[in-house]
Amino acid sequence: MVRKPPKSASIATAGSGARLFAPSAARNCDVIADLIAKVAPTTGTALEIASGTGQHVVAFAARCPALQWQPTDVTADRIASIDAYATESKAPNIAPARILDATTSGWAAEMQGIQMVFLANLLHLVSQTEAQTLIAESAKALAKGGTALIYGPFMRDGELTSPGDRAFHQSLVTEDPEIGYKDEGEIITWAAGHGLATIMTHQMPANNLALEFRKTSG
């Protein structure tokens, strides 16, 4: 079942044609693309989970032209927006967007040998169980030596570390008690249980983190 995004989640507005525009994606796109260019494998397939509007994937494809990017999302309007951005960019290394609810079990069976999995701003919008499933399936999809990069807002040692984070987390759990910020250490522990070794925690703007993992088992 696809969870309905909470009202507090980032909002996308209509652009030209099928394209949607998310101000938050525009703000963080360059800094995430800079990081991906540093940590991504040089070749192979990169799976973007919850691609959203498609603003991110066209930037990533331009920065990492040797990677074949597979964008995904859960709703038809987002899929149409992703494909519209990709078509406009004329990037040869973006595959047609696919419907994927990465919080459900079993999807990795159809996506084996992925060299990179990237996810931005989703874990705080799903339940703990769904987050654990997403990480487990991502690990299964990755080839040995593959990279996982998870970006977003997190607790540190169980604490919300800024007034903005405390307010946002509270707004999320008020709308749905099952969702809200996950703890950085908790994510690292879950990942380790599925053969994902922590390489680095990258400090990002707006008090966000990017957690970089490497698949250590085959």
Most fluctuating of Pro177, Pro92, Pro71 in the GNM of the chain (C-alpha, under 10 Å) is Pro177
Rounded to the nearest 5, the percent of antiparallel DSSP beta bridges in the chain equals 45
Checked against the positive end of the charge dipole of the chain (+1 on Cβ of Lys and Arg, -1 on Cβ of Asp and Glu, about the Cα centre), the farthest of His202, Gly180, Phe60 is Phe60
Semi-axes of the range 1-122 from the Cα gyration tensor (sqrt of 5 times each eigenvalue, largest first, whole Å) come to 20, 18, 14
Over the chain, the sum of -39500 (n - 2.57) across DSSP H runs of at least four, divided by residue number and rounded to 500 deg cm²/dmol, gives at 222 nm -11000 deg cm²/dmol
Correct semi-axes for the range 12-71, from √(5λ) of the alpha-carbon gyration tensor and rounded to whole Å with the largest first, are 22, 13, 8
Under a Gaussian network model of the chain whose springs join Cα atoms within less than 10 Å, the largest fluctuation of Ala136, Ala109, Ala91 belongs to Ala109
Ranked by GNM mean-square fluctuation in the chain (Cα springs under 10 Å), the top entry among Ser89, Ser16, Ser24 is Ser16
Calculating volume of the Cα convex hull per residue in Å³ from this structure picks out, from (1) 118; (2) 109; (3) 131, entry (2)
Expressed per residue, the solvent accessible area of the range 145-218 in Å² (1.4 Å probe) is about 45
For the range 103-218, the percent of all C-alpha pairs falling in each 5 Å bin, from 0 up to the bin holding the max distance, is 2, 13, 22, 25, 18, 11, 7, 2, 0
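The values are calculated or read from the model by the stated rules, or taken from the named source; none is laboratory data. Predicted, not measured: the structure shown is a model, and the values here were computed from it. Ideal geometry is used to build each Cβ from the backbone, glycine not excepted, and the neighbour counts take in all protein chains shown. Heads up: the accessible areas ignore ligands, DNA and RNA and are worked out on the full protein's heavy atoms, side chains in. Shrake-Rupley method; radii C 1.70, N 1.55, O 1.52, S 1.80 Å.
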